[in-house]
Amino acid sequence: MKTTILEPGKFYHIYNRAKNGNPLFPEDEDIQFFLKLYKTHVVPVAETWAYCILHDHVHFLVRLKEDLNGNAYKPFALLFNSYAKGYHRKNGSEGRLFKFKLKRIEIHRETVLRDLIRYINQNARKHGLVEDCSRYRYSSFRATVTTWPTLIPKEEIHRRFGSREMLFHILAEPVQEKGLKMYLLEE
């Protein structure tokens, strides 16, 4: 599928993976550092609807804010570049860390949006890290179903799935990937 520039008000599945399958996040502190950079660079320009950060790849479902001036590519490039620089400084390494500069696919259909929210929240289970998606620390699952304030626009997500009460079960229900192939990182 052809990638596009990032335009205000639109939904995108943003993803990246490690070059050559090497670990992007060998330790929990690396994920914490990445999330700190995400809050610095991306949160000012996009609402985060779902995310999952795994050992060797990341997924984000975002809606870019309407009031952006120009293309929102730069904050995502800064996120990946800043993390790579910090990673190399910490590990005394060099070279390309991420496979892609920035992979993104615009989401046009409501059914795809709902399925991607589920897919991203289930990604840790898909890769065998947990059996219960709600137990994975580095996904948006718990942030989506909790009543506590989070960066996830929970009320809008709840409306799309019917109710907050139903959401926990719907998020955990396996998603049919066949209809999502063109929107996914896995090749």
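The values are calculated or read from the model by the stated rules, or taken from the named source; none is laboratory data. Worth saying up front: this structure is predicted, and the values here are computed from it rather than measured. Cβ atoms come from the backbone with ideal geometry, glycine included; neighbour counts cover every protein chain shown. Calculation scope for accessible area: heavy atoms of the full protein, side chains included, ligands and nucleic acids excluded. Shrake-Rupley method; radii C 1.70, N 1.55, O 1.52, S 1.80 Å.
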### Task
Being touching a Gly at 6+ places or on another chain (Cβ under 9 Å) and not β-branched (Val, Ile, Thr) is the filter here, so list the residues in the range 100-125 that pass it.
Asp115
### Task
Any chance you could count how many residues in the range 21-56 are part of a helix (DSSP H, G or I), of a type outside the set (Phe, Trp, Tyr) and either within 19 Å of Leu97 (Cα to Cα) or modelled with pLDDT under 95 (or both)?
10
### Query
Which one of the conditions (1) closer than 27 Å to Arg135 by Cβ; (2) in contact (Cβ under 8 Å) with a residue 40 or more places away in the chain; (3) under 12 Å from the mean Cα position of the chain (by Cα) does Ala46 fail to meet, given that it meets all the rest?
(2)
### Task
Could you tell me which residue of the range 63-95 is least open to solvent (accessible area, probe 1.4 Å), considering only residues that are charged (D, E, K, R) and more than 13 Å from Glu7 (Cβ to Cβ)?
Lys90
### Query
How many residues, within the range 1-42, are under 23 Å from Asp67 (Cβ atoms), among the polar types (S, T, N, Q) and open to solvent by 80 Å² or more (accessible area, probe 1.4 Å)?
1
### Query
What number of residues in the range 91-122 are in contact with a Lys or Arg (Cβ under 9 Å, 6 or more places away or on another chain), aliphatic (A, V, I, L, M) and within 24 Å of Phe168 (Cβ to Cβ)?
3
